[in-house]
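Colleague: Please read through the structure below; I'll follow up with questions.
The values are calculated or read from the model by the stated rules, or taken from the named source; none is laboratory data. Note that this is a predicted model, so its numbers are computed, not measured. Don't worry about glycine lacking a Cβ; one is built from the backbone with ideal geometry, like all the others, and counts go over all protein chains shown. Each accessible area value is taken on the protein alone, full model and side chains, heavy atoms only, with ligands, DNA and RNA left out. Shrake-Rupley method; radii C 1.70, N 1.55, O 1.52, S 1.80 Å.
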Amino acid sequence: MQRRDFVGLSAAALVGSRHLLAQPSTRSAATRTALWRPPELRPATAISLRANAHRVHTGVGNGGMAMTLGDGAVGPTLRIRRGERARISLLNELDEPTILHWHGLRVPEEADGHPRLAIGTGQRYEYGFDVMDRAGTYWYHSHPHHRTGPQVVRGMAGLLIVEDEEEEALDLPRGAREVAVLIQDRRLTAEGEISFDPQMHERMEGFFGDVPFGNGTPSPGIAVDSAMYRLRIVNVTASRITRVALSTGATMTLIGVDGGLLPAPVAVDHVDLGTGERADLLVDFSGMAAGSSVMLKSLAFPPPYRGMGGMGGMGGMGMGGGTRQGGEMDLLEFTVTREVRERRWTPTPFPAISLPDPAQAARTREFRFQNMRMQHTINGRQFEMDRMDETVRFGSTEIWRFTNESNFPHPVHMHEVQFRILERRGGRGAIFPWERGLKDTALLYPGETISVAATFDAHRGRFLMHCHNLVHEDMGMMMNYAIE
Ligand code: C2O
Ligand code: CU
Ligand code: CU
């Protein structure tokens, strides 16, 4: 832990929060719906999750049919401590197969939610696994073959928060001052149903909605105190890259990513998240007057497509709806409803983290992400349930190098490891502050190559690596790998 860096960065964050006070928005919160906070369950005491379809509020007409866990619009939030054993019983009351995957956690093969483990209507699946990962913002979602997109878009996802003593020692904002949100962009029919029906061009670039949802709430807003908040964000969109920022342009303090806390907090004015990626942020509303509000936005940015001419603009031009990739979106509005004065959160040094060491790498593997003849492939192949594509030695460290030879971005996700991004060549050519620390998903733009180091020492078994754009994933941009 280099204490000097830490002090420098947090000073920058404080400057940023003063900036936040300078230009609060006066925009009305009238069109926002209160962000739903899913109930919290503790799987250390054995819980049951019931996958089912039911009608939910979508802000239009009589709402739409959701597919989710429990009675809400997304699944309950699961909270568990590192070292505890999760006991979860999944009951499938959907009229199609499903299975759950604990995204970011290193669990035994039989608990990982591989699509071959999907269960039919009326069946149960029992999960039991020890939580070995660091405190952080994880999530869970369904993972059946060809049906992950339609199910997750309709709500088959939830937050999974891991706690540990290391993190508790930092005394971060908690309780009502901790907001965790699953971000989705949905497309609604005139009647309010949630549509997911990728047309020809959407089968290539992905499926984009135009209504932001937070924890299943359309156009959400939340009342806050004029104080520091911890904001955990998960990108659960089908295909959208979100450029998360505050409407005031103020900085936020990024404290963690996919695999938990960063080595030190860092001030950022935005964070780019592809599907599956997470950001753990401190956002400071202190000093803001009651009645003022700030929008958490996804800022506009040039769509990262190569050689496709106007394709990226199709959605935005009314050819099927949805805000195009890179289009601006209002994600979550914060309105200060209570002024409080309290002591500032004082940063203490973050715990040291051990990252995979590329000098120990036994070998390097290459993976090429391609799109040809309307197919999305990895090393020229589409997913096959029972074909083993790569075999890795248990306990070894390897470098996996992902190259994007296609025209579309791919959020590349590995099951069963938390990796370290070593370098990015081509394209954006840099590693961003939100790509430090431990990651399980990394955004790969056209023309880019990223190298990651991972140590395969959690469990032996069969796991997956895939693109987390749900359209690409369902079309087979996925492969099996074994740890033996
Ligand atoms: Cu979110 Cu195969 O994973
Ligand atoms: Cu995963
Ligand atoms: Cu992809």
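Colleague: Which of the residues that make up segment 450-469 are in contact with a Pro (Cβ under 6 Å, 6 or more places away or on another chain), away from ligand 3 (no atom under 16 Å from the Cβ), assigned to a loop (DSSP other than H, G, I, E, B) and open to solvent by less than 10 Å² (accessible area, probe 1.4 Å)?
Modeller: none
Colleague: Determine which single condition Ile194 fails, assuming it passes every other condition in (1) aliphatic (A, V, I, L, M); (2) within 16 Å of ligand 1 (Cβ to nearest atom); (3) closer than 30 Å to Gly61 by Cβ.
Modeller: For Ile194, the exception is condition (2).
Colleague: If you don't mind, there's one more thing I want to ask. Taking segment 110-129 as the region of interest, how many residues are among the basic types (Lys, Arg) and over 11 Å from His145 (Cα atoms)?
Modeller: Residues in segment 110-129 being among the basic types (Lys, Arg) and over 11 Å from His145 (Cα atoms): 1 in total.
Colleague: When you check Leu160 against the structure, is it part of a strand (DSSP E or B) and not hydroxyl-bearing (Ser, Thr, Tyr), yes or no?
Modeller: Considered against the rule, which asks whether it is part of a strand (DSSP E or B) and not hydroxyl-bearing (Ser, Thr, Tyr), Leu160 comes out as yes.
Colleague: Applying the selection to segment 432-444, what residues are away from ligand 3 (no atom under 16 Å from the Cβ) and among the aliphatic types (A, V, I, L, M)?
Modeller: Scanning segment 432-444 gives a single hit, Leu438.
Colleague: Taking the stated definitions as given, is Met319 surrounded by fewer than 11 Cβ atoms within 10 Å (Cβ to Cβ), under 30 Å from Val211 (Cα atoms) and at pLDDT below 95?
Modeller: Considered against the rule, which asks whether it is surrounded by fewer than 11 Cβ atoms within 10 Å (Cβ to Cβ), under 30 Å from Val211 (Cα atoms) and at pLDDT below 95, Met319 comes out as no.
Colleague: For Arg85, all conditions in the list (1) in the same structural domain as Arg55 (by TED's automatic domain parsing); (2) surrounded by 15 or more Cβ atoms within 10 Å (Cβ to Cβ); (3) within 30 Å of Thr348 (Cα to Cα) hold save one; what is the number of the exception?
Modeller: That leaves (2) as the condition not met.
Colleague: Could I ask something else about it? Quick check, is Gly120 within 30 Å of His57 (Cβ to Cβ), out of contact with any Pro (no Cβ under 9 Å at 6 or more places or on another chain) and more than 16 Å from ligand 3 (Cβ to nearest atom)?
Modeller: no
Colleague: Taking segment 97-145 only, how many residues are farther than 27 Å from Val181 by Cβ, touching a Leu at 6+ places or on another chain (Cβ under 8 Å) and aliphatic (A, V, I, L, M)?
Modeller: The qualifying residues number 1.
Colleague: Given His145, His141, which one is within 16 Å of ligand 1 (Cβ to nearest atom), farther than 25 Å from Trp345 by Cβ, open to solvent by 50 Å² or more (accessible area, probe 1.4 Å) and not aliphatic (A, V, I, L, M)?
Modeller: Just one listed residue meets the conditions, His145.
Colleague: Taking segment 461-480, which residues are within 13 Å of ligand 2 (Cβ to nearest atom) and either in contact with a Ser or Thr (Cβ under 9 Å, 6 or more places away or on another chain) or of a type in the set (A, V, I, L, M, F, W, C) (or both)?
Modeller: Within segment 461-480, Phe463, Leu464, Met465, Cys467, His468, Leu470, Glu473, Met478 qualify.
Colleague: Here is a check on your reading of the model: is Gln184 outside any loop (DSSP other than H, G, I, E, B), within 16 Å of ligand 2 (Cβ to nearest atom) and polar (S, T, N, Q)?
Modeller: No.
Colleague: Also: Looking at segment 397-419, I want the residues that are assigned by TED's automatic domain parsing to the domain that holds Ala442 and have a partner that is of a type in the set (Lys, Arg) and within 16 Å of ligand 2 (Cβ to nearest atom) with Cβ atoms under 6 Å, at least 6 apart or on another chain. Which pairs are those?
Modeller: Sorted first by the residue in segment 397-419, then by its partner, the pairs are Glu416/Arg106; Phe419/Lys439.
Colleague: Across segment 397-436, what is the total count of residues that are touching a helix residue (DSSP H, G or I) at 6+ places or on another chain (Cβ under 7 Å) and within 16 Å of ligand 1 (Cβ to nearest atom)?
Modeller: Total meeting the criteria: 1.
Colleague: Out of all the residues in segment 179-189, is one or more closer than 30 Å to Phe456 by Cβ and outside the structural domain of Ala51 (by TED's automatic domain parsing)?
Modeller: yes
Colleague: Going through Gly447, Gly429 one at a time, which residue ends up being within 16 Å of ligand 3 (Cβ to nearest atom), open to solvent by 10 Å² or more (accessible area, probe 1.4 Å), part of a loop (DSSP other than H, G, I, E, B) and not hydrophobic (A, V, I, L, M, F, W, C)?
Modeller: Gly447
Colleague: Out of segment 96-114, which residues are over 18 Å from the mean Cα position of the chain (by Cα), within 12 Å of ligand 2 (Cβ to nearest atom) and not aliphatic (A, V, I, L, M)?
Modeller: Selection gives His114 alone.
Colleague: Next question. Could you check how many residues of segment 240-271 are open to solvent by 10 Å² or more (accessible area, probe 1.4 Å) and closer than 24 Å to Cys467 by Cβ?
Modeller: 2
Colleague: Check off (1) touching a residue at least 12 places away in the same chain (Cβ under 8 Å); (2) at positive phi; (3) more than 16 Å from ligand 2 (Cβ to nearest atom) for Asp386 and give me the number that stays unchecked.
Modeller: (2)
Colleague: Among the strands (runs of 3 or more DSSP E) lying completely within segment 330-423, list those that include at least 1 residues that are more than 29 Å from Leu281 (Cα to Cα) and open to solvent by less than 50 Å² (accessible area, probe 1.4 Å).
Modeller: Counting at least 1 such residues, we get 363-372, 375-378, 390-392, 397-404.
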